[in-house]
Amino acid sequence: DVHMHWSSKWPMPKGRPVQITIFVDADHGTNTADRRSITGIVSFLDNTLYKWKSKRQGSVAESTYAAELMALRDAAQHAIELTHMLNSIGVPLAGPAWIFVDNNSAFLNTTIAGSDLKKKHLSIAYHIVREGQAALYFLLFKVPSEMNPADPNTKALTGVKFWTLNGY
């Protein structure tokens, strides 16, 4: 049901349904000054760029998995916020947002129930992603790193890779 998260307090959706698509990536600890990872997010409404984000994470991640999970949490929260914002102004949605992640561990551990995370902040990130999926705010998909447009938001790339990811 495309009106799953719609509230009677909001205008009735009108027009052609819009698809939310979000790509997410993280670069693990390459900043030598503080070893914090970088989160990269690129989101689209249909084929139109809506938002891009490149931000240093708030805490040091001990592994690539941890950095990717914290980035995935940010993408999940963005999908939920964007869903509510579009619903509140009467824009119909084509269905749940699509979130694409290139890290296999983050993808598998958040699409298969039952994680054994010891660190509180990682456990919270995991549950935010799991609950968002269960409520059908978004669906997660695996994308190859070389096809992830969020990759340039996490690190410097060679000219060829940068221009390839940007459609040239």
| request: Only residues that are at pLDDT below 80, open to solvent by 70 Å² or more (accessible area, probe 1.4 Å) and not in a loop (DSSP other than H, G, I, E, B): list them for the stretch 122-160, please. | output: Val160
| task | Could you name every one of the strands (runs of 3 or more DSSP E) located completely within the stretch 24-101 that has at least 3 residues being modelled with pLDDT under 95? | result | 38-45, 48-56
| said: What's the total number of residues in the stretch 1-23 that are in contact with a Pro (Cβ under 6 Å, 6 or more places away or on another chain), more than 13 Å from Ile99 (Cβ to Cβ) and modelled with pLDDT of 95 or more? | reply: 1
| request: Kindly indicate the residue of the stretch 17-34 that is more than 20 Å from the chain's Cα centre (by Cα) and more than 19 Å from Leu136 (Cα to Cα) and also most open to solvent (accessible area, probe 1.4 Å) among those meeting that condition. | output: Thr32
| said: Exactly one condition in (1) open to solvent by 50 Å² or more (accessible area, probe 1.4 Å); (2) closer than 24 Å to Tyr126 by Cβ; (3) over 13 Å from the mean Cα position of the chain (by Cα) is false for Lys14; which is it? | reply: (2)
| said: Residues that are basic (Lys, Arg), farther than 22 Å from Phe141 by Cβ and either buried (at least 21 other Cβ atoms within 10 Å of the Cβ) or without any contact (Cβ under 8 Å) to a residue 40 or more places away in the chain (or both): does the stretch 47-68 have at least one? | reply: yes
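The values are calculated or read from the model by the stated rules, or taken from the named source; none is laboratory data. Not measured: the values here are computed from a predicted model. Note that each Cβ is placed from the backbone with ideal geometry, even for glycine, and that neighbours are counted across all protein chains shown. For accessibility, only protein heavy atoms count, side chains too; no ligands or nucleic acids. Shrake-Rupley method; radii C 1.70, N 1.55, O 1.52, S 1.80 Å.
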